[in-house]
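Okay, structure first, notes after.
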Amino acid sequence: MTEIREMAAADLFDVAIIGGGVVGCAVARRFTLEGARTVLLERAPDILAGASKGNSALLHTGFDAPTGSLELACVRDGYAEYREICGRLGLSVLETGAAVVAWTDAEVAKLEGIVAQAHANGVDEVRAIDADELLAREPALSPAAKAAVLVPGEHVIDPWSTPLAYIRQAVENGAVLLRNAGVTAAGFDGAHWRLATTAGEVRAAAVVNCAGLWGDRVATLLLGQSAYAIHPRKGQFVVFDKAAAGLLRTTILPVPTERTKGVVVARTIYGNVLVGPTAEEQDDRERATTDSETLHQLIGQAGRIVPGLADMPVTAVYAGLRPATERKEYRIASDPDRRVIDVGGIRSTGLTAALGIARHVHGLYQAFGTAHRPIADPVWPVVPNLAEHRPRDWEAEGSGEIVCHCELVTGREIAAALTGPVPAGDWGGLKRRTRAGMGRCQGFYCTARLARLTEGRLAEPLAVGPAHHGP
Ligand SMILES: Cc1cc2nc3c(=O)[nH]c(=O)nc-3n(C[C@H](O)[C@H](O)[C@H](O)COP(=O)(O)OP(=O)(O)OC[C@H]3O[C@@H](n4cnc5c(N)ncnc54)[C@H](O)[C@@H]3O)c2cc1C
């Protein structure tokens, strides 16, 4: 890390990206592939320290996004590029489709409008289905369902391997990733930015603010003010045991309200079923706590939608924070005079839209007048597979010791996650790269072994005892 920091301080980058959430990782990938000397600055010991560490993991089609919006364009572009590149990066899609289910007559009345909006958004395969077709497709669903809109392209992806693949492709093609590098001050001399970070000074000809939950604070550092204020909106989730995955195929969505897309019941790529998220305003940008009353409500709601879930053991609970602002739309703005692009308020579709946002941001950057030569033959790293429906490492020849028996994580996977171009920087990062400690026992049995295997490798030593919760 020291070597990299010294190089960063001495170098002048074409672009510095602030924030290693899914959006920053995708932007770093795009700029690198387009030939820009790129540095990504992340204040935490690892990527995904903000909104991107806890979401529903749905790959959205954009069927319900505001027609004509920038969000819709980025979701559509992000979806298309994800499908195009995921195989080459080792990423998966769990092809579930989704159904927007109406439980009341008032909701049935809204379905026609949902289909019309989907078609207006170019998602032509969306169609209304009656209760018979819905229940034939999903026999475990409550028979109280009245009708639905089927969205065949709405799928499930791996929320953590995806940004990891993006930043790995950036780094393996020449980008610099600086972690523990929080930006604390910034100055522009008319041509170049000097960014004071907790890892030393970094100079760049342009800056992209992808600081997510801290986006307004970083915008103020750069520009003296922010066009928006972040109001974190918490979403709590319950993750059911893997036995639940046999109960449903399709993601079950509610008919949305003005305020929220509502609570979803969906399979995860890791072989579980989740229910959530809630939508709760809070001031705290760091902590996303869960509370038992809300979790019990979610479990009750899941049981009303899929009655078999009522008796299903719960494996984990978690909460994520959306970087919401006072408006619903993305707050992306360019300041060509000061060579800053502010990517704010990527609230609830950023996992899907990240690749599309990255292309949009690069388009804005081109107006700054700096041309680069795209990399002709980029490296395509392949990230380890964590998806339950594809072969895992423990099934492969010579996989050796299994360290986490709940999630069947091998010692070889742990070793790989601690080395390589973007090694895990902390315990959360190791969990997100391997799923160790995220299964039924939540790390009760494997933490001691993991503490030995990770000695001296993580920002803080692993405390022996049950691990934190996670999806
Ligand atoms: C409950 C919930 C459910 C969701 N479901 C879905 C879904 O199903 N599908 C979907 O597509 N999207 C979903 N999303 C949305 C998606 O997760 C977000 O849009 C996305 O994570 C936003 O990413 P970001 O990179 O903009 O911000 P963040 O993830 O917050 O990243 C910002 C990064 O910047 C770093 N940072 C902050 N300040 C500084 C600084 N001064 N210097 C250096 N680094 C700094 C932070 O540490 C952080 O790592 C959901 C979100 C939530 C919360």
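In table form, for the structure just shown:
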read-out: For the range 324-419, size of Cβ-based charge dipole, Lys and Arg +1, Asp and Glu -1, in debye; value: 580
read-out: 10 Å-binned pair-distance histogram of the range 393-453 (Cα, whole percent); value: 25, 58, 17, 0
read-out: Straight-distance crosslink candidates among aspartates and glutamates, where the alpha carbon sits under 16 Å from LYS110 and sequence neighbours closer than 8 are dropped; value: ASP64, ASP130, GLU258
read-out: Top positive-direction residue, dipole computed over the range 393-453 with Cβ charges, set LEU408, CYS441, VAL422; value: CYS441
read-out: Environment charge at LEU248 (Cβ cut-off 11 Å; Lys +1, Arg +1, Asp -1, Glu -1); value: +2
read-out: In nm, spacing of pseudo-spin labels at ILE402 and ALA451 (7 Å Cα→C-beta vector); value: 2.4
read-out: Packing-based order for 129-137, 71-79, using average beta carbon neighbours within 10 Å, highest first; value: 71-79, 129-137
read-out: Over the chain: helical MRE at 222 nm, DSSP H runs n ≥ 4 each giving -39500 (n - 2.57), nearest 500; value: -9000 deg cm²/dmol
read-out: Among LEU386, VAL238, GLY19 - extreme Cα towards positive end, dipole of the chain, charges at beta-carbon; value: GLY19
read-out: Using a Förster distance of 45 Å, the FRET efficiency for GLN225-ASP130 (Cβ separation, nearest 0.05); value: 0.30
read-out: 27 Å Cα-Cα reach of LYS431 towards lysines, excluding residues that sit fewer than 8 places from it in its own chain; value: LYS53, LYS234, LYS242
read-out: Normalised convex hull volume, the chain, alpha-carbon set, Å³ per residue; value: 138
read-out: Using alpha-carbon coordinates, inclination of helix 22-33 to the longest axis of the chain, degrees; value: 50
read-out: For the range 188-199, Karplus couplings with θ = phi - 60° (6.51, -1.76, 1.60), whole Hz, Gly/Pro x; value: 10, 9, x, 10, 9, 9, 10, 10, 7, 10, 5, 10
read-out: Nearest-20 debye value, the range 393-453 charge dipole, Cβ charges on Lys, Arg, Asp, Glu; value: 280
read-out: Most positive-pole-ward Cα, ALA319, PRO45, ALA266, against dipole of the chain from beta carbon charges; value: PRO45
read-out: Computed over the range 393-453: relative contact order in percent, which uses C-alpha pairs under 8 Å that are six or more apart; value: 31
read-out: Largest to smallest principal axis extent of the C-alpha atoms in the range 325-371, angstrom; value: 32, 22, 9
read-out: The chain, dipole about Cα centre (Lys/Arg Cβ +1, Asp/Glu Cβ -1), debye to the nearest 20; value: 560
read-out: Nearest-ten-degree value, helix 70-89 long axis tilted from longest Cα axis of the chain; value: 90
read-out: Order of VAL343, VAL115, VAL265, VAL361 under a 10 Å beta carbon neighbour criterion, fewest first; value: VAL115, VAL361, VAL265, VAL343
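No value in this document is a laboratory result; all are computed from the given coordinates. None of these values were measured; they are calculated from a predicted model. Backbone-built Cβ (ideal geometry, glycine too); neighbour counts: all protein chains shown.
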